[in-house]
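What follows draws every value from the coordinates through simple rules; no lab data is involved. These numbers come from a predicted model, not from an experiment. Cβ: placed from backbone, ideal geometry, glycine included. Neighbour counts: every protein chain shown.
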């Protein structure tokens, strides 16, 4: 039940470490952070001040590549970095090469792949998956079991409801050409996407646009418009009181 802590790890004062944790070489853990039971922090990972890493999570995992993987790269990634006041739930896996800013919340059972960036004050809900090379802004909410495919962009103040699915392969696994054309969706600032919507590869959701639950987005969407259906079609403007510029939490 004792923990293993490498002699080269740098651990500040007031850090709490649970049972059976493994802290590898050259890890940095800053003050007032809590490390739960059975947590593994891989070589070189940097954990900021006042963070919480809950039981059974892995921080700084190296990606594995199947023989026929299309987007996973075989290269050396920099260590993962977590800012201050980051909360990581139980049984999460966060990969190398990822940068997580201050005050981010990551729910239980979440997977965040390599080479991902997440801005400050963002919430990633339980069981969500963020694939590699994705960029997520600040004050974003990604809710339970959303799937953010590789090479996606979500700008600041966006809302992604439970069960939303992003896609990035317009050839659905066929042809070699597809490997040069992978592109996830781009969700512009303040856009919102309802539960179980599907966004096709490379589609752009305009600023402050709203996509209704269960919709399938097959084309680029204009800013400040509401779209619903299969395929998603414009029905009206987003009400003025719902626009990002009129929200008290918005800081331009």
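Figures for the structure shown
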read-out	value
Burial ranking of peptide ranges 132-140, 228-236, 216-224, 146-154 (average Cβ count within 10 Å, highest at the top)	146-154, 132-140, 216-224, 228-236
As computed over the chain, the Cα convex hull volume per residue (Å³)	119 Å³
Rg ratio (alpha-carbon, reference 2.2 N^0.38 Å) - the stretch 175-233	1.15
Debye equation applied to the C-alpha atoms of the stretch 1-91, log10 I(q)/I(0) at 0.15 Å⁻¹	-0.55
Residue 236-residue 14 pseudo-label distance in nm [points 7 Å out on the Cα-to-Cβ vector]	5.2 nm
Rg/Rg_ref, the stretch 71-146, where Rg_ref = 2.2 N^0.38 Å and atoms are Cα	0.99
Linear extension gain, residue 75 paired with residue 4, 0.36 nm per residue minus alpha-carbon span	22.8 nm
Spatial separation of Cα centroids for the stretch 19-51 and the stretch 82-156, in angstrom	18 Å
Estimated inter-spin distance, residue 220 and residue 247, nm [label 7 Å along Cα→Cβ]	2.4 nm
Long-range Cα-Cα pairs in the stretch 134-216 (distance over 19 Å), rounded percent	29 percent
Reference-scaled alpha-carbon Rg (2.2 N^0.38 Å with N residues) for the stretch 41-172	0.98
Estimated FRET transfer efficiency when R0 is 22 angstrom, pair residue 91-residue 196 (beta carbons, to 0.05)	0.40
Fully extended contour minus Cα-Cα distance, from residue 178 to residue 37, at 0.36 nm per residue	46.5 nm
